[in-house]
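Note sheet for the following structure.
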Amino acid sequence: MSYPRVNSLKTPDDFRKRLAELDIEMLFDEEIQPAPTGPLAAPVKSSAGLIGNRFSILPMEGWDGTADGKPTDLTQRRWVNFGKSGAKLIWGGEAVAVRHDGRANPNQLVLNDANEREIGELRTLLVDAHRQSFAQTDDLVVGLQLTHSGRFSRPNDKKKLEPRIAYRHPLLDPKFGITDDRPLLSDDDISHLIDDYISAAKRSKKLGYQFVDVKHCHGYLGHEFLSAVDRPGKFGGSFENRTRFLREITAGIRAEAPGLEIGVRISIFDYFPFQPGPEGTGVPSGQGDYRYAFGGDGTGLGIDLAEPEKFLSLLEELKIDLVCLSAGSPYYNPHIQRPALFPPSDGYQPPEDPLVGCARQINTVAKLKATHPNLLMVGTGYSYLQEWLPHVGQYQVRTGGVDFVGLGRMVLSYPELPADVLAGKTLERKRICRTFSDCTTAPRNGMVSGCYPLDPFYKERPERLQLAALKKGG
Ligand SMILES: Cc1cc2nc3c(=O)[nH]c(=O)nc-3n(C[C@H](O)[C@H](O)[C@H](O)COP(=O)(O)O)c2cc1C
Ligand code: SF4
């Protein structure tokens with residue numbers, strides 16, 4: 001199925017008409033108000049410090065660290081671009097493993113003794129780049145995303161999953177070749193891992209990061225705990241047990257790294273895994289009752305916010321005010337997680353107009369913000385809106401539907417978009433991410449990630465030809 005391209009929706013009426021055809025509500029402002037008075041330029045106070053505007057850069061790794069988990073020049077370039085973006089909240093930079101076996105790929109950064117100097121340098125480079133472009137940095141907040149990749153760990157070989165699982169999943173285990181004899185992480189293993197998170201948080205504090213994100217999204221281990229309804233013992237079953245991982249890490253950080261703030265990026269709802277169906281369009285991999293989607297309504301295809309609400313209340317109890325909302329997983333339902341017109345090479349054709357996916361995330365966040373107004377929420381799902389991104393983002397911030405507009409892929413193709421919006425400039429159309437998914441297809445095929453179609457730096461790299469051949473099936 002093909003869908004109209006967003007750049008063909010040239011006027012507010014065109015955009016409104018398309019939204020009406022899709023029967024989705026996604027309100028937007030027609031006029032963008034620049035800094036210093038516009039809603040997107042309003043500073044906000046957080047536990048981690050003053051945040052000078054309403055743009056946040058979402059974490060994005062590049063599969064470009066060294067084998068021992070240090071950043072390379074490509075990693076540094078991405079962080080410098082994050083600094084130049086003008087966004088005042090850097091949500092985590094990229095996923096950094098707290099230990100080797102939890103790396104999502106053999107090039108993921110690892111925060112340990114040997115690497116801490118270089119991982120600290122990333123923050124310094126980002127802040128310096130920000131200072132050069134915008135002078136002021138006392139309203140810039142930079143966090144580090146801490147992760148263990150759980151069932152999606154590939155620490156040693158790009159092609160070899162070495163899963164560490166919290167429970168047996170009836171659909172994901174067979175989908176990813178996990179056999180019945182694979183041992184579960186024991187409660188003891190989990191307690192050791194909690195210690196590793198706390199050590200990584202202590203290092204992050206020493207390196208000057210203002211907060212750490214205890215990642216709970218995208219099917220990785222933190223997220224898996226939230227749906228561990230069948231797991232026996234203290235990390236599974238009840239809501240209390242399923243959130244013990246977060247609560248114990250939080251308590252450890254509070255005791256051992258006082259002053260370091262904590263954020264949580266969470267997949268606030270989830271669906272069935274999807275797979276290519278007839279003609280390559282995504283279809284659910286399961287049917288009937290589905291109890292393994294945190295924030296799901298039991299059908300695998302709908303949302304129930306009862307547990308997400310409880311989770312957000314728990315964050316408030318834990319005195320965590322920074323939360324970044326995402327959804328689903330890039331491995332098993334990418335159309336939920338990062339709406340795109342063109343799927344990555346291992347994906348499926350979108351089963352819905354990607355605008356529906358944007359609206360699903362944006363409207364869910366607005367509902368949660370209404371019930372938890374004291375939490376500072378970063379929203380996801382904006383890149384696919386393209387020309388309409390600032391319009392929808394400003395409306396959501398202006399009306400209190402979200403605190404920060406989170407930007408993922410858009411800053412890979414067009415790092416200065418936030419600065420341009422705030423300065424009231426017309427967007428550079430040629431740099432707008434059109435969701436070609438090369439930044440996902442490349443790493444799925446063993447290459448470094450980057451915006452090969454639009455970033456002149458990546459356009460020149462040899463991988464571009466390799467990607468072109470791959471897409472042609474060559
Ligand atoms: C190349 C790439 C790398 C990513 N790496 C991470 C990551 O390290 N941690 C994370 O939480 N999300 C990661 N994501 C997801 C993004 O943060 C974001 O949720 C997603 O791209 C949807 O936002 P967008 O529509 O603005 O792109 C990554 C996405 C891409 C495209
Ligand atoms: S490769 Fe570039 S244009 Fe394509 S999705 Fe990624 S950032 Fe967007």
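The values are calculated or read from the model by the stated rules, or taken from the named source; none is laboratory data. Keep in mind the model is a prediction, meaning the values are calculated, not measured. Counting neighbours? That spans all protein chains shown, and the Cβs are built from the backbone with ideal geometry, glycine included. Heads up: the accessible areas ignore ligands, DNA and RNA and are worked out on the full protein's heavy atoms, side chains in. Shrake-Rupley method; radii C 1.70, N 1.55, O 1.52, S 1.80 Å.
Laid out as a table, the results:
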read-out	value
In segment 303-321, the residues that are among the acidic types (Asp, Glu), assigned to a helix (DSSP H, G or I) and surrounded by 13 or more Cβ atoms within 10 Å (Cβ to Cβ)	Glu307, Glu309, Glu316
Residue check, Gly393 under 30 Å from Pro34 (Cβ atoms), within 15 Å of ligand 1 (Cβ to nearest atom) and not in a loop (DSSP other than H, G, I, E, B)	yes
Selection count, segment 396-418, where residues are within 16 Å of ligand 1 (Cβ to nearest atom), of a type outside the set (Gly, Ala, Ser) and part of a helix (DSSP H, G or I)	8
Count - residues of segment 379-437 that are closer than 20 Å to Pro12 by Cβ, more than 14 Å from ligand 2 (Cβ to nearest atom) and out of contact with any Leu (no Cβ under 9 Å at 6 or more places or on another chain)	3
Hits in segment 419-456 - residues which are in a helix (DSSP H, G or I), open to solvent by 30 Å² or more (accessible area, probe 1.4 Å) and within 15 Å of ligand 1 (Cβ to nearest atom)	Arg431, Arg444
Considering residues of segment 334-361 that are within 13 Å of ligand 1 (Cβ to nearest atom) and among the polar types (S, T, N, Q) only, the residue nearest to Val405 (Cα to Cα)	Gln361
Of the criteria (1) closer than 20 Å to Pro350 by Cβ; (2) surrounded by fewer than 20 Cβ atoms within 10 Å (Cβ to Cβ), which one Arg398 fails	(1)
Evaluation of Asp64 against (1) open to solvent by 30 Å² or more (accessible area, probe 1.4 Å); (2) in contact (Cβ under 8 Å) with a residue 12 or more places away in the chain (one fails), failing number	(1)
Among residues of segment 197-221, those that are more than 30 Å from Tyr292 (Cα to Cα) and aromatic (Phe, Trp, Tyr), counted	1
Single residue of segment 28-61 satisfying the filter (of a type outside the set (Val, Ile, Thr) and within 16 Å of ligand 2 (Cβ to nearest atom)) that is surrounded by the fewest Cβ atoms within 10 Å (Cβ to Cβ)	Met60
Subset of segment 286-324 [free of Cβ contacts under 8 Å to residues at least 60 places away in the same chain, closer than 13 Å to Leu375 by Cα and either within 16 Å of ligand 1 (Cβ to nearest atom) or among the polar types (S, T, N, Q) (or both)]	Ser313
Selected residue (criterion: nearest to Phe152 (Cα to Cα)) from residues of segment 457-474 that are crowded, with 17+ Cβ neighbours inside 10 Å and more than 12 Å from ligand 2 (Cβ to nearest atom)	Leu470
Test: residue in segment 340-359 that is part of a helix (DSSP H, G or I), open to solvent by 10 Å² or more (accessible area, probe 1.4 Å) and in contact with a strand residue (DSSP E or B) (Cβ under 8 Å, 6 or more places away or on another chain)	no
Complete set of residues in segment 222-241 that are more than 20 Å from the chain's Cα centre (by Cα) and farther than 13 Å from Ala293 by Cα	Arg231, Pro232, Gly233, Lys234, Phe235, Gly236, Gly237, Ser238, Phe239, Glu240, Asn241
Residue count, segment 136-172 (criterion: touching a strand residue (DSSP E or B) at 6+ places or on another chain (Cβ under 8 Å) and outside any loop (DSSP other than H, G, I, E, B))	10
Filter pass, Gly300 being in a loop (DSSP other than H, G, I, E, B) and among the small types (Gly, Ala, Ser)	yes
Condition broken by Ala114, with the remaining ones in (1) farther than 17 Å from Val397 by Cβ; (2) in contact (Cβ under 8 Å) with a residue 60 or more places away in the chain satisfied	(2)
Cβ pairs under 8 Å, 6+ apart, first in segment 253-268 and in contact (Cβ under 8 Å) with a residue 40 or more places away in the chain, second among the polar types (S, T, N, Q) and in a loop (DSSP other than H, G, I, E, B)	Leu260/Gln210; Glu261/Ser47; Glu261/Gln210; Ser267/Ser329
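The rows are residues; the columns are (1) within 16 Å of ligand 1 (Cβ to nearest atom); (2) hydrophobic (A, V, I, L, M, F, W, C); (3) touching a Leu at 6+ places or on another chain (Cβ under 9 Å); (4) open to solvent by 10 Å² or more (accessible area, probe 1.4 Å).
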site: Arg203; (1), (2), (3), (4): no, no, yes, yes
site: Cys217; (1), (2), (3), (4): yes, yes, yes, no
site: Gly222; (1), (2), (3), (4): yes, no, yes, no
site: Asp230; (1), (2), (3), (4): no, no, no, yes
site: Gly236; (1), (2), (3), (4): no, no, no, no
site: Thr243; (1), (2), (3), (4): no, no, yes, no
site: Leu246; (1), (2), (3), (4): yes, yes, yes, no
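Let's see how each residue does on (1) touching a helix residue (DSSP H, G or I) at 6+ places or on another chain (Cβ under 8 Å); (2) within 26 Å of Pro284 (Cβ to Cβ); (3) open to solvent by 10 Å² or more (accessible area, probe 1.4 Å):
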site	(1), (2), (3)
Gly93	yes, no, no
Asp101	no, no, yes
Thr137	yes, no, yes
Leu144	yes, no, no
